[in-house]
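Taking it in order: structure first as structure tokens, then the write-up.
Laboratory data are not the source of any read-out in this text; all were calculated from the coordinates shown. Because the structure is a prediction, the values reported are computed rather than measured. Here the Cβ positions follow ideal geometry from the backbone for every residue, glycine too, while neighbour counts run over all protein chains shown.
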């Protein structure tokens, strides 16, 4: 029988992020970034997919964006190729007009049910995510909500990661100490840093568009790093 790592033997709770952790964002990312690429190309600017992907990697790795949604990333990505305010606003508006498709296009990673059902036998599970309100219904429709004792969504509680207050809110919901909880997510800046600063254990899921973000201080160094969700079963 697998024994948990010593670092996690005190744990009672595991909090999971949604995007690029429990669910795959690839379909929406392709939808959005294909449009941005074509809009830059149609503006008569010289661009290749290699240059576009390198620019996206640079925006993420150097954190050349503000906020914790797509707007800042879209803004800095377009500015890599053009300072035309019309082109910039056109792409920001396109994202905002189509943001509702993000949740619609989200699908669970293939191993989600197996991993959650296994973890649920030993731990209490919660969702802690920067997500719109309709994510709750999406998780219910995917038959995933049943695994979680609570679901904390930023749009519902009006608090966003990396704000420490949203972590404290989740810990209060769980009625546990930080040392009794772990955070699993794909963002070093929003999932790992703030959780670790409180004393929680942390697991970075290195996937999605945040794949190229790296720690900038000791708090942002995760206790564990994985690429697939089922690797959690080797930790817990």
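Using just the helices of the chain, give the 222 nm mean residue ellipticity in deg cm²/dmol: DSSP H runs with n ≥ 4 each add -39,500 (n - 2.57), and the total is spread over all residues, rounded to 500.
Working: 10 runs with 97 residues, N = 236.
About -12000 deg cm²/dmol.
Using the Cα gyration tensor of the stretch 182-234, with a ≥ b ≥ c the square roots of its eigenvalues, what is the shape: rounded (a/c below 1.5), prolate (a/b larger than b/c) or oblate (neither)?
Numbers: a/c = 2.10, a/b = 1.19, b/c = 1.77.
Note, shape of the stretch 182-234 comes out oblate.
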Q) Based only on Cα atoms, what Rg/Rh ratio does the stretch 57-99 have, Rh being taken as Kirkwood's radius? A) 0.96
Q | Cα-projected label distance for residue 96 with residue 46, points at 7 Å along beta-carbon direction, nm | A | 3.4 nm
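Going by the alpha-carbon gyration tensor, a ≥ b ≥ c the square roots of its eigenvalues, is the stretch 8-54 rounded (a/c under 1.5) or, if a/c is not under 1.5, prolate (a/b greater than b/c) versus oblate?
Prolate is the answer for the stretch 8-54, as a/c is 1.5 or above and a/b outweighs b/c.
With a ≥ b ≥ c taken as the square roots of the eigenvalues of the C-alpha gyration tensor of the stretch 143-236, please select rounded if a/c is under 1.5 and otherwise prolate if a/b is larger than b/c or oblate if it is not? Please report the intermediate quantities before stating the final value.
Values: a/c = 1.42, a/b = 1.21, b/c = 1.18.
The shape class here is rounded.
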Q. Between the helical axis of 26-42 and the dominant principal axis of the chain, each derived from Cα atoms, what acute angle in degrees is found, rounded to the nearest 10?
A. 20 degrees
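Compute for the stretch 26-103: radius of gyration divided by Kirkwood radius, i.e. Rg/Rh, restricted to C-alpha atoms, rounded to two decimals. It would help to have the intermediate numbers written out before the result.
On the way: Rg = 11.6 Å, Rh = 12.6 Å.
Computed over Cα atoms, the ratio is 0.92.
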(Q) I'd like to know how the stretch 79-236 sits against the 2.2 N^0.38 Å rule of thumb: what's its Cα Rg over that expected value? (A) 1.12
Q. Nearest 10 degrees, 0 to 90: what angle lies between the long axis of helix 164-174 and the longest principal axis of the chain (Cα atoms)?
A. 40 degrees
Q: Calculate how steeply helix 85-98 sits against the longest principal axis of the alpha-carbon atoms of the chain, using the helix alpha-carbon long axis, and give the answer as 0 to 90 degrees to the nearest 10.
A: 40 degrees
